[in-house]
1. For the stretch 10-122, with every protein chain kept in place, what is the accessible area per residue (1.4 Å probe, Å²)?
2. Nothing charged except the Cβ atoms of Lys and Arg (+1) and of Asp and Glu (-1): what's the magnitude of the dipole of the chain about its Cα centre? Round to the nearest 20 debye.
3. Say R0 is 35 Å: what FRET efficiency, to the nearest 0.05, do CYS93 and THR16 get from their beta-carbon distance?
4. Using θ = phi - 60° and the Karplus relation 6.51 cos²θ - 1.76 cosθ + 1.60, list the HN-Hα couplings for the stretch 68-80 in order, rounded to whole Hz, with x at every Gly or Pro.
5. For the chain, which whole percent of the accessible surface, found with a 1.4 angstrom probe, sits on carbon and sulfur atoms?
6. Under 10 Å, Cα contacts only: if you run a Gaussian network model on the chain, which one of ILE84, ILE103, ILE38 comes out with the highest mean-square fluctuation?
7. Hey, what's the per residue convex hull volume over the C-alpha atoms of the chain, in cubic angstrom?
8. Just in the stretch 34-124: which GluC sites (Glu not before Pro) are loop by DSSP and have at most 13 other Cβ atoms within 10 Å?
Amino acid sequence: LPFDPAMVLTGNYSRTSGYQHAEAVAAMIGAGLADAVIAANDRMAIGLLQGLKERGMRAGVDAAIIGCDDSEGARLTDPPLSSIMVPFYQIGCEAASQLLGIITADSNDQDRQEVIHVKLPVRLVVRASSRTPT
């Protein structure tokens, strides 16, 4: 799909911000403009699930809802929330390893400011919130 900035809603990573966007998302779904939502984290997706449910919409039926983190809360929602699993532990290990490498580097290299790029695998964990009927 082409990028449409009108379809992007900005939140603050809280459950409340997801809940507050439920009315706008419900309008998009009702108008046939959206059939899926990806939230930047699970907390916002959980708030969105709650807000949509209060408006008579069901995740996994009316629209697919996906969070990002694969937090424990994702498994506890009704319906369970599909989520992108992010390897936070490995991110921390890699960051610590890179930092220790910089600290222990030769003193001649202390002035360098190179950008470090590391890609770690993510995985979609599919649960009922994204299983829309075909």
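1. Values: 7140 Å² over 113 residues.
Value for the stretch 10-122: 63 Å² per residue.
2. Values: 11 positive and 15 negative charges, 119 e Å.
Roughly 580 debye, rounded to the nearest 20.
3. Numbers: r = 32 Å, r/R0 = 0.91.
For R0 = 35 Å, the calculated efficiency reads 0.65.
4. After applying 6.51 cos²θ - 1.76 cosθ + 1.60, I find 8, 2, 6, 6, 4, x, 4, 7, 9, 7, 10, x, x Hz.
5. Details: 5080 of 8960 Å².
It is 57 percent, rounded to a whole number.
6. In the Gaussian network model the winner is ILE103.
7. On the way: hull volume 18.8 nm³, N = 134.
Residue-normalised Cα hull volume stands at 140 Å³.
8. Working: sites: GLU54, GLU72, GLU94, GLU114; in loops: GLU114.
Here the sparse-neighbourhood loop sites are GLU114.
The values are calculated or read from the model by the stated rules, or taken from the named source; none is laboratory data. Predicted model, so just to flag it, every value in this text is computed and none were measured. Counting neighbours? That spans all protein chains shown, and the Cβs are built from the backbone with ideal geometry, glycine included. We work out accessible area using only protein heavy atoms, side chains counted, and drop any ligands, DNA or RNA first. Shrake-Rupley method; radii C 1.70, N 1.55, O 1.52, S 1.80 Å.
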